[in-house]
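Q: Below: one structure in structure tokens.
Taken together, the values in this text are just the output of simple stated rules run on the coordinates, not laboratory data. Note that the structure is a prediction, hence the values are computed from the model and not measured. Here the Cβ positions follow ideal geometry from the backbone for every residue, glycine too, while neighbour counts run over all protein chains shown.
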Amino acid sequence: MVLGRWLVAVSRIGTVCAVAAVGVACSSSKDSPGRDGGQDGSDVVGCDDPRVQTYAPNLQVAGQGHAFTFVLVSSSPEPPAAENNTWVLHILDSSGNPVTGATGTAVATMPLMSHGTSAVQWAAAADGSYTLTPLYFFMAGMWEVAVTAQSGSQKDSASFYFCVAG
């Protein structure tokens, strides 16, 4: 029964949901049913969370240690999809100022499936933005992107959760 439900989820391409530490964001492609297309998204493993909201750039997630706030400025493709993705992040300190020169990683995993991809090192730009690529969501379902950053003695982490249907 579970396998049959998963196959239906794969055939309904287009729903992408982001679950942040403070909520969830969700979107769907223009051609496919999903949460924005009048469907509830519950046929995709992990997308039935009642906190699901529409994906939008600049999604903010507070770090677990409250040292940083992680801002998903953009994703290419937008919204994130089951393919190679490039994310641009901004990291803000506890006063809301940009953190420049931080080092860190991002790891994409499927918490419900117990597998994922390799850690992604990011490239820092002079303006305080960080490019993470490639983030490869290779199948439908819920993905966690755990981000860890360090700047000087400050270290913090946060997770974004996305449901990818295709």
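Q: Scan the range 120-166 for chymotrypsin sites (Phe, Trp or Tyr not before Pro) in coil per DSSP, keeping those whose Cβ has at most 16 other Cβ atoms within 10 Å, and list them by number. Intermediate values should be presented prior to the final figure.
A: Numbers: sites: TRP122, TYR130, TYR136, PHE137, PHE138, TRP143, PHE160, TYR161, PHE162; in loops: PHE137, PHE138.
Here the chymotrypsin sites (Phe, Trp or Tyr not before Pro) that fit, given the DSSP loop and packing criteria, are PHE138.
Q: Turning to a different aspect of this structure: As a footprinting exposure proxy, order HIS90, HIS115 by other Cβ within 10 Å, with the fewest listed first.
A: HIS115, HIS90
Q: Could you give each residue of the range 74-88 its phi-based ³J(HN,Hα) in whole Hz, using Karplus coefficients 6.51, -1.76, 1.60 with θ = phi - 60°, and x for Gly or Pro?
A: Along the range 74-88, the couplings run 7, 9, 10, x, 10, x, x, 9, 6, 5, 5, 10, 10, 10, 10 Hz.
Q: Take ALA123, project a point 7 Å from its Cα along the Cβ direction, then tell me which residues of the range 130-166 have their backbone nitrogen under 17 Å from it.
A: 130-136
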